């Protein structure tokens, strides 16, 4: 009986993304852990773990470089930051926090990055436009933070991801992210 529950759980996780309702309070790719009874089942031998689809986004090296550069810019001003870089599907490529940064900084940065990605503009601009643009407001979901500090990453005029920071003032988060992105993409 426990084995049948495990198989049903695997089938649910393997269902096409379109077949499941997306919980707007979760970040893309988030899945609640399975029940303890499933976690205690013996693992099936063989084969690599399943991987998700390859989507456009910054490389791991570019993601690390952008996050580190943005954090370093703010660190010179005395701020302790969290940074996140996501791909075009909203999946986290890199999330970093500096020692001494506040709790949840990388998570908030990821929420800002998702806002920049899904709204197609820096979160600083999106925040300014939200009051007067009902269509833009309708695109905001609970897993986004529309505070300054998130900037889209463009390649060939197409948004391939976003970089965001959290930990300084919103204006400093935005300035550090924009400066790091400008330095990486002259």
What residue, among those in the stretch 19-36 that are surrounded by fewer than 10 Cβ atoms within 10 Å (Cβ to Cβ) and more than 18 Å from the chain's Cα centre (by Cα), is modelled with the highest pLDDT? 36
Looking at residue 76 and the list (1) surrounded by 11 or more Cβ atoms within 10 Å (Cβ to Cβ); (2) closer than 16 Å to residue 177 by Cβ, which single condition is not satisfied? (1)
Quick check, is residue 151 at pLDDT 95 or above, assigned by TED's automatic domain parsing to the domain that holds residue 72 and outside any helix (DSSP H, G or I)? yes
Can you spot a residue in the stretch 138-145 that is under 23 Å from residue 61 (Cα atoms) and assigned to a helix (DSSP H, G or I)? no
Kindly indicate the residue of the stretch 91-129 that is part of a helix (DSSP H, G or I) and in contact with a helix residue (DSSP H, G or I) (Cβ under 7 Å, 6 or more places away or on another chain) and also farthest from residue 58 (Cα to Cα) among those meeting that condition. 129
Among the listed residues 71, 43, 39, which satisfies the condition of being surrounded by 16 or more Cβ atoms within 10 Å (Cβ to Cβ) and either touching a strand residue (DSSP E or B) at 6+ places or on another chain (Cβ under 9 Å) or on the phi < 0 side of the Ramachandran plot (or both)? 71
Only one residue in 183, 157 is free of Cβ contacts under 8 Å to residues at least 12 places away in the same chain, surrounded by fewer than 23 Cβ atoms within 10 Å (Cβ to Cβ), over 17 Å from the mean Cα position of the chain (by Cα) and under 21 Å from residue 87 (Cβ atoms). Which one? 157
Criterion (closer than 20 Å to residue 90 by Cβ, touching a strand residue (DSSP E or B) at 6+ places or on another chain (Cβ under 9 Å) and at pLDDT below 95) met by exactly one of 117, 163, 130, 181: 181
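The values are calculated or read from the model by the stated rules, or taken from the named source; none is laboratory data. A quick note: this is a predicted structure, and the numbers were derived from the prediction, not measured. Positions of Cβ are generated from backbone atoms using ideal geometry, with glycine treated the same way; all protein chains shown enter the neighbour counts.
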